[in-house]
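Visitor: Let me begin by handing over the structure; questions about it come next.
The values are calculated or read from the model by the stated rules, or taken from the named source; none is laboratory data. This one's a predicted model, so the numbers in the text were calculated from it and none came from an experiment. In this analysis, Cβ positions are derived from the backbone assuming ideal geometry, glycine residues included, and neighbour counts consider all displayed protein chains. SASA here: full protein model, heavy atoms, side chains in, ligands and nucleic acids out. Shrake-Rupley method; radii C 1.70, N 1.55, O 1.52, S 1.80 Å.
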Amino acid sequence: MQIHVTCVAVALLGSIAGYSQTNGVIYEGARLIIGDASAPIENGVFVVRNGHITAIGRKGEIKAPAAAARVDLTGKTVMPAMNNVHLHIGYEGFVSWSVENHTPENVLDHLEREAFYGIGTAMAMGEQPTEFAIKFQQDQLAGKFPPAARFFFAAGMAPPGGGPDSLLIQGTTPLHAVYEVSTPDDAIAAVRRIAARKIKEVKFWVDNRDNSRGGMKKMPPKVYTALIEEAHKHGMIVHAHATNLQDQKGVVKAGVDVLVHTLAAEKVDDEFVSILKDKRPYWAPVMGLGDRSELCDGNNPFIEQTLPDSVIADIRAGKTWLPSSPCSAPANSQFARREENLRYNFPKYIAAGARIVLGSDAGVSAKYSYGFAEHHEIGMYVSLGLTPAEAIVASTSRPTEVLRIKDTGTLAKGKRADFIVLNANPLENIRNTREIDSVYLYGARLDREALQAKFKQAVVDRDAAQAKSRTDYVPHPPSSRKLVD
Ligand SMILES: [Zn+2]
């Protein structure tokens, strides 16, 4: 595919707002939530210079450069920008969902949506074509794009014809985004090819989507064991999509670094608890995609502010690309059982030492999409037993351990100035992460008004778009063993 990354949205470069940072900017008076386990600083001060925090402490304790600009944040709360280790970027078009949408412009749009809601980094999980993703990441690092969440990606691996869900696979297959492996030797060879491109993360899918694709589409333990061992030899972090008890036990026992998903219909047992205690994996439960849309509960300005009205109506009517129930449908027994299992299982994972880390799984359904999904997800953590402070750690500093970056995730001297200014305190109520006054990335205030206008205006006639993208879909071809990159 053609990549025209350099010409993306240059017009938006004018949208960087904020203060000159040359002499430093002092932000004073706010409650500062650090993002690690430490206590917040009341009446805090921090200084930002050249994109980084150069000093932080209580008011009166910090010496700031005399020429620095001052920003009064009295009454506000500041927390680090959030970081998301699991989502799917590029195919969502809100009025269409298609491989044709996978362009640099659209990837950037999704990262801007993340940034709008206070997310500083976002890791695409296994659905990106390798060359595209490497080039996009390099161009973003080189400063060629307007401010947005930083783009990270993991290579994807699955058995031929297995892997991504029924919608996502319609994007990944034509773009050859997923490395197809059938044997341990295939997996080892694929990991070596990925490592040779200096890609540091790999995700594999175990399940066969409830047998809908046949038993052969499942990745057997001997394949993922070889995959994990080889990846670790290259210093890579391995994520596993696994949704039943047997598979979750298998991948954790085999040493996976990041366990993804919850158990769809089972309860955690003693054996799994002891495996979790032994291995203490990171855990990205990505639960919210299975929830009813918050848009079903009436007006929701927080979500509605970035979606075209027609898309909001479609979500309520259940007309999403990945099938979902309309808001009018009564909750069914399956839904109640899922709720019950989550309430039973979630505290067991945590008590066993699973290290929860923020992922949203956004990108396959407009109902649970870029930026607002994160706020719903961390709300679920709290409703299932975490404290707000723990939910904030899981969404700010801990993801940086998985991303293996040290330059963000907390408010501390030397870190990038990636932060959210809030009008209310999320330590009192996690829903207060939604009370966003402003978002700063690398010390620059994001022009959220301009972004919002762009997001809202992206309306085309849904039916026309739907008809077009249906014909544009490349049908899922027979399995190919060909490795790509
Ligand atoms: Zn996913």
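Visitor: Looking for whichever is open to solvent by less than 30 Å² (accessible area, probe 1.4 Å) and within 22 Å of the chain's Cα centre (by Cα) here; the options are Trp321, Trp283. Which one fits?
Guide: Result of the check over Trp321, Trp283: Trp283.
Visitor: Please go through region 252-281 and give me each residue that is over 20 Å from Asn341 (Cα atoms) and touching a His at 6+ places or on another chain (Cβ under 9 Å), ordered by number.
Guide: Scanning region 252-281 gives Gly255, Val256, Asp257, Val258.
Visitor: Moving on. Please work out if Ser360 is surrounded by 18 or more Cβ atoms within 10 Å (Cβ to Cβ), touching a residue at least 40 places away in the same chain (Cβ under 8 Å), more than 16 Å from the ligand (Cβ to nearest atom) and among the hydroxyl-bearing types (Ser, Thr, Tyr).
Guide: When the stated conditions are applied, Ser360 does not pass them.
Visitor: Against the condition over 30 Å from Leu411 (Cα atoms), of a type outside the set (S, T, N, Q) and either touching a Cys at 6+ places or on another chain (Cβ under 8 Å) or surrounded by fewer than 24 Cβ atoms within 10 Å (Cβ to Cβ) (or both), how does Pro159 come out, does it pass?
Guide: So Pro159 fails the test.
Visitor: Pick from region 263-290 the residues that are within 15 Å of the ligand (Cβ to nearest atom) and assigned to a loop (DSSP other than H, G, I, E, B): which of them is nearest to Ala362 (Cα to Cα)?
Guide: That would be Val286.
Visitor: Among the residues of region 295-316, how many are at pLDDT 95 or above, open to solvent by 20 Å² or more (accessible area, probe 1.4 Å) and within 22 Å of Ser96 (Cβ to Cβ)?
Guide: Count: 3.
Visitor: Filter region 112-129 down to the residues that are touching a Leu at 6+ places or on another chain (Cβ under 7 Å), outside any loop (DSSP other than H, G, I, E, B) and within 16 Å of the ligand (Cβ to nearest atom), then identify the one that is farthest from Ala196 (Cα to Cα).
Guide: Step by step, filter region 112-129, then rank; the result is Ala122.
Visitor: Is it the case that some residue within region 393-407 is within 16 Å of the ligand (Cβ to nearest atom) and either open to solvent by 30 Å² or more (accessible area, probe 1.4 Å) or not hydrophobic (A, V, I, L, M, F, W, C) (or both)?
Guide: The answer is yes; a qualifying residue exists.
Visitor: Next question. Would you check which residues across region 65-92 are touching a strand residue (DSSP E or B) at 6+ places or on another chain (Cβ under 9 Å) and assigned to a loop (DSSP other than H, G, I, E, B) and list them?
Guide: Passing the criteria: Pro65, Ala68, Leu73, Thr74, Gly75, Lys76, Ala81, His88, Ile89, Gly90, Tyr91.
Visitor: Also, I was wondering about something else. For Leu289, all conditions in the list (1) modelled with pLDDT of 95 or more; (2) buried (at least 16 other Cβ atoms within 10 Å of the Cβ) hold save one; what is the number of the exception?
Guide: Status for Leu289: all satisfied but (1).
Here is a yes/no grid of residues against (1) open to solvent by 30 Å² or more (accessible area, probe 1.4 Å); (2) within 16 Å of the ligand (Cβ to nearest atom); (3) of a type in the set (Ser, Thr, Tyr); (4) closer than 30 Å to Ser310 by Cα:
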{"position": "Val71", "(1), (2), (3), (4)": "no, no, no, no"}
{"position": "Tyr91", "(1), (2), (3), (4)": "no, yes, yes, yes"}
{"position": "Ser98", "(1), (2), (3), (4)": "no, no, yes, yes"}
{"position": "His110", "(1), (2), (3), (4)": "no, yes, no, yes"}
{"position": "Glu131", "(1), (2), (3), (4)": "yes, no, no, no"}
{"position": "Leu141", "(1), (2), (3), (4)": "yes, no, no, no"}
{"position": "Phe152", "(1), (2), (3), (4)": "yes, yes, no, no"}
{"position": "Ile169", "(1), (2), (3), (4)": "no, yes, no, yes"}
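Visitor: Could you say whether any residue in region 183-202 is closer than 25 Å to Ser365 by Cβ and either crowded, with 18+ Cβ neighbours inside 10 Å or away from the ligand (no atom under 16 Å from the Cβ) (or both)?
Guide: Scanning region 183-202 turns up at least one residue that is closer than 25 Å to Ser365 by Cβ and either crowded, with 18+ Cβ neighbours inside 10 Å or away from the ligand (no atom under 16 Å from the Cβ) (or both).
Visitor: Looking at (1) closer than 30 Å to Thr320 by Cβ; (2) of a type in the set (Val, Ile, Thr); (3) not in a loop (DSSP other than H, G, I, E, B), which one does Val95 not meet, given that it meets all the others?
Guide: It fails just one condition, (3).
Visitor: Same structure again: What number of residues within region 56-98 satisfy the criterion of being small (Gly, Ala, Ser) and closer than 21 Å to Ala148 by Cβ?
Guide: 3
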